[in-house]
Amino acid sequence: AQSVTQPDIHITVSEGASLELRCNYSYGATPYLFWYVQSPGQGLQLLLKYFSGDTLVQGIKGFEAEFKRSQSSFNLRKPSVHWSDAAEYFCAVAFTGGGNKLTFGTGTQLKVEL
Amino acid sequence: KAGVTQTPRYLIKTRGQQVTLSCSPISGHRSVSWYQQTPGQGLQFLFEYFSETQRNKGNFPGRFSGRQFSNSRSEMNVSTLELGDSALYLCASRRGIEASGNTIYFGEGSWLTVV
């Protein structure tokens with residue numbers, strides 16, 4: 001069965017510092033990968049997605065992620081964090097033939113110190 | 001264009017009651033899926049509908065059911081509510097049924113509290 005691991009439950013960074021959130025998946029076939037962000041009391045907003053092609057993908061709000069097949073990873077990065085980035089971030093994976101559903105990681109709660 | 005719309009946003013029910021949640025997908029999207037989010041279990045897939053047919057189902061008891069209408073709008077129903085059903089229920093839509101090339105967009109969710 002497919003699974004997604006986000007090893008960091010909480011991360012605290014200073015405003016203006018760089019950010020990297022880790023995501024590893026477990027599945028044999030080519031996955032379709034997503035990062036979503038959730039602010040308190042809100043739904044999930046899509047930050048970026050990877051289906052195929054260039055392994056470095058750009059998203060909204062200055063985020064990017066890199067798909068590394070050899071490491072089964074899809075880490076999210078941002079060069080300079082803003083206080084408004086404080087939220088919970090979820091990595092998710094889907095694949096054709098697996099019911100096409102999203103399987104989510106447990107999330108990483110980001111705190112930004114001013 | 002309008003996003004995924006869920007109603008109601010907040011509701012409180014008593015144990016043993018039933019509840020129906022509604023979801024209107026993005027215009028042109030024919031697939032609607034539902035997820036449950038709780039602090040303990042995280043985000044879990046409930047089921048997905050496409051063209052009024054359930055295409056996939058997660059590991060939830062039969063108390064959880066859903067349906068999709070010809071206009072792609074969807075409802076989910078939970079019968080005989082239990083305290084553990086308290087959660088944020090998220091609806092998501094996408095244009096097609098395949099994972100490839102079909103981005104999934106989420107609504108704001110319906111907060112259900114069972115007392």
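Every number in this text was worked out from the coordinates using simple rules, so none of it is lab data. All values derive from a computational prediction rather than experimental measurement. Virtual Cβ from ideal backbone geometry, glycine too; neighbours counted across all protein chains shown.
At a glance:
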quantity: Region B:37-111 - percent relative contact order, Cα under 8 Å, separation 6 or more; calculated: 23 percent
quantity: Qualifying lysines (Cα of each under 21 Å from Cα of residue B:57; at least 8 residues distant if same chain); calculated: A:101
quantity: Antiparallel DSSP beta bridges within chain A, percent to nearest 5; calculated: 85 percent
quantity: Loop-located chymotrypsin sites (Phe, Trp or Tyr not before Pro) in region B:1-73, at most 16 other Cβ atoms within 10 Å (DSSP); calculated: B:69
quantity: Highest-fluctuation residue, A:38, A:71, A:58 considered, GNM on chain A with Cα pairs under 10 Å; calculated: A:71
quantity: Rg [Å, one decimal], Dmax [Å, integer] - region A:6-110, C-alpha atoms; calculated: 13.2, 42
quantity: Average Cα contact separation per residue, chain A, under 8 Å, 6 or more apart, as relative contact order %; calculated: 37 percent
quantity: Antiparallel bridge percentage (DSSP; both residues within chain B; nearest 5); calculated: 90 percent
quantity: Proximal lysines to residue A:78, defined as alpha-carbon separation beneath 19 angstrom and excluding residues fewer than eight positions away on the same chain; calculated: A:49, A:61, A:68, A:111
quantity: Note, ³J(HN,Hα) from phi for region B:20-36, Karplus 6.51, -1.76, 1.60, rounded to Hz, x at Gly and Pro; calculated: 10, 10, 10, 9, 10, x, 4, 4, x, 8, 10, 9, 10, 10, 10, 10, 10
